[in-house]
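*Asks:* Here it is: the structure, laid out below.
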Protein chains: 2
Amino acid sequence: MHIPSSYKKTDVTDIKDFLIQNSFGILINQVNGKPWATHIPLELDVDKDSNDVLVGHISKVNPQADNFIESNEVLCIFNGPHSYISSSWYEKEDAPTWNYIAVHIYGKLHILSEDEIMESFHKLVNKYEKNSKNPISTADMSEKTLKEIKGVVGFKILIEDI
Amino acid sequence: MHIPSSYKKTDVTDIKDFLIQNSFGILINQVNGKPWATHIPLELDVDKDSNDVLVGHISKVNPQADNFIESNEVLCIFNGPHSYISSSWYEKEDAPTWNYIAVHIYGKLHILSEDEIMESFHKLVNKYEKNSKNPISTADMSEKTLKEIKGVVGFKILIEDI
């Protein structure tokens, strides 16, 4: 993304707020020399060493998972609202444009242990169940359901560049 | 993107319809060995040789433009609606999930001439001005405004894989 200086957000609090509210992102790495992208929740968190991280998981059968190499750089994209802007609304003649909010993050990927994935599931579900009529919790789930964790690869991305 | 077979859309008419209605996409190629992404309208069209193409343009000062190599493969991502799906809505216990619509297209990039870019501007503006109260048209724009074309690189992407 190329950001003309007048459109650049530099307030990290604003950016973090946006990430928390628009966590359904896109994870991009390389699979067989081609960029590969998957749409998943990527949750902003702070790890044990106080690093800002994005935490997520994907299915083990997603070919992207085979290319999760420890410490490899990945790109995460977060989309916000966007709209065509007609230049008929301008005072002076000019070309129309498209307004949008997006955050791109580069970082290094680290695979999580099963315990760490389970912890991230608790947080993820609690966050999104807050508005449910009958909120579920991973704490109440049967062993059988929790075994679905065996089907995913969990990871954290150490944020390097926003 | 990994698509479990039960979620795979194969009807090309449906996919094209989605692309026309959700044309504000993300163009991804490599810049200095890293994936680089730009949010832009990518308009589905048919070129003179009857190929299905995506047509777009980016600013010449976007570093991505320096890496537009004729016939290089790029990835285009189109996002539709998405939402957290609470498993409290299920009849049986299961993990919650996230529903979304997305189309990923791989294709080969070809740089457009200035005449071709201008033609794409006409189409683009006409499409999005349809709902304007006072629709503008590139046909009515001054030479000065149309000179902004000098600041962009226009391209078409020959669709190879959806």
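*Asks:* Return yes when B:PHE18 is more than 10 Å from every other protein chain (Cβ to nearest Cβ), among the hydrophobic types (A, V, I, L, M, F, W, C) and either without any contact (Cβ under 8 Å) to a residue 12 or more places away in the chain or closer than 27 Å to A:ASP66 by Cα (or both) and no when it is not.
*Replies:* no
*Asks:* Checking B:ASP47 against (1) open to solvent by less than 40 Å² (accessible area, probe 1.4 Å); (2) within 19 Å of the chain's Cα centre (by Cα); (3) within 12 Å of chain A (Cβ to nearest Cβ), only one condition comes out false. Which one?
*Replies:* (3)
*Asks:* What number of residues in region B:56-76 are in a strand (DSSP E or B), open to solvent by 30 Å² or more (accessible area, probe 1.4 Å) and more than 9 Å from chain A (Cβ to nearest Cβ)?
*Replies:* Qualifying residue count for the region: 1.
*Asks:* Being more than 23 Å from B:LYS9 (Cα to Cα) and over 14 Å from the mean Cα position of the chain (by Cα) is the requirement here; does B:LYS156 meet it?
*Replies:* It is false that B:LYS156 is more than 23 Å from B:LYS9 (Cα to Cα) and over 14 Å from the mean Cα position of the chain (by Cα).
*Asks:* What single numbered condition from (1) touching a residue at least 24 places away in the same chain (Cβ under 8 Å); (2) in contact with a Phe, Trp or Tyr (Cβ under 9 Å, 6 or more places away or on another chain); (3) open to solvent by less than 40 Å² (accessible area, probe 1.4 Å) fails to hold for A:LEU146?
*Replies:* Single failed check for A:LEU146: (3).
*Asks:* Could you look through region A:77-111, keep only residues that are assigned to a loop (DSSP other than H, G, I, E, B), open to solvent by 60 Å² or more (accessible area, probe 1.4 Å) and among the charged types (D, E, K, R), and pick out the one that is nearest to the other protein chains (Cβ to nearest Cβ)?
*Replies:* Out of the qualifying residues, it is A:GLU93.
The values are calculated or read from the model by the stated rules, or taken from the named source; none is laboratory data. Owing to the predicted nature of the structure, the values given are computational and were not obtained by experimental measurement. Neighbour counts run over all protein chains shown; Cβ positions are idealised from the backbone, glycine included. For accessibility, only protein heavy atoms count, side chains too; no ligands or nucleic acids. Shrake-Rupley method; radii C 1.70, N 1.55, O 1.52, S 1.80 Å.
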